[in-house]
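Colleague: Next up is a structure, given as structure tokens.
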Amino acid sequence: VLTDLPNRTLFNVRMEQAIIHARRVQKFLAVLLIDLDHFKHVNDTFGHGFGDRLLQAVAVRLQQCVRQEDTIARLGGDEFTLILSDLDRAEHIDVIIDKIVMAFKAPFIFEEHEIYQSLSIGASFYPSDGLDNETLLKNADVAMYQVKSESRTVEIATV
């Protein structure tokens, strides 16, 4: 409700449909798992209402980075997932990931605060990384946590 994005239940339904479609047309499907780095710090510093506003702004930015036929869902907390279907090659997600990274270079501005929010993205592909929802999401999660192990920062500045 907060972000107007599908929840975990609708995500699973859409993922099942996307897998069936990918199998039928023999194309790739990518699942991206996105986690906001150090989001707890934002909530602890500015409060949960502020954090909710940031989650809403993140949802809008993510929607601007994908095609209309792609699915963005909020799994809970500060975790989002994308289903990118009808890919001819796995490398086609590089364009989407680049758009997301560029979109998050700009600060989120709320009142007198600028929030530079970093994120971690993990990806998995149908059919090479899994043939079902659970396996694809688990493998995207493993990839995302590998990225999280690298250094990242959240910068908060006052305008």
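Colleague: How large, in percent, is the carbon and sulfur part of the accessible surface of the chain at a probe radius of 1.4 Å?
Modeller: Its accessible area is 51 percent carbon and sulfur atoms.
Colleague: May I ask you to give the solvent-accessible area per residue for the chain, in square angstrom, as obtained with a 1.4 angstrom probe?
Modeller: For the chain, the per-residue accessible area is 53 Å².
Colleague: How much accessible area does Lys138 have with a 1.4 Å probe, in Å² rounded to the nearest 10?
Modeller: The accessible area comes out at roughly 120 Å².
Colleague: To the nearest 0.05, what FRET efficiency results for Ile109 and Gln68 with a Förster distance of 25 Å applied to their C-beta separation?
Modeller: Working from the Cβ atoms, E equals 0.40.
Colleague: Let me ask another. Size of the dipole of the chain about the Cα centre, Lys and Arg at +1 and Asp and Glu at -1 on the beta carbon, nothing else charged, in debye to 20?
Modeller: Roughly 360 debye for the chain.
Colleague: For the chain, return all DSSP H helices satisfying: extent of Cα atoms along own axis at least 20 Å; mean Kyte-Doolittle hydropathy at least -1.0.
Modeller: Membrane-span-like by this rule: 8-25, 48-65, 133-148.
Colleague: Please identify every one of the GluC sites (Glu not before Pro) in region 1-102 that sits in a loop by DSSP and has no more than 12 other beta carbons within 10 Å of its own beta carbon.
Modeller: Taking region 1-102 and a limit of 12 other Cβ atoms within 10 Å, the loop GluC sites (Glu not before Pro) found are Glu69.
Colleague: Here are some values of log10 I(q)/I(0) by the Debye sum over Cα atoms at q = 0.11, 0.15, 0.17 Å⁻¹: (1) -0.42, -0.73, -0.89; (2) -0.43, -0.78, -0.98; (3) -0.36, -0.70, -0.92. Which one was computed from this structure?
Modeller: (2)
The values are calculated or read from the model by the stated rules, or taken from the named source; none is laboratory data. Nothing here was measured: the structure is a model prediction, and the numbers come from that model. Virtual Cβ from ideal backbone geometry, glycine too; neighbours counted across all protein chains shown. Just the protein is used for accessible areas: all its heavy atoms, side chains included, with ligands, DNA and RNA removed. Shrake-Rupley method; radii C 1.70, N 1.55, O 1.52, S 1.80 Å.
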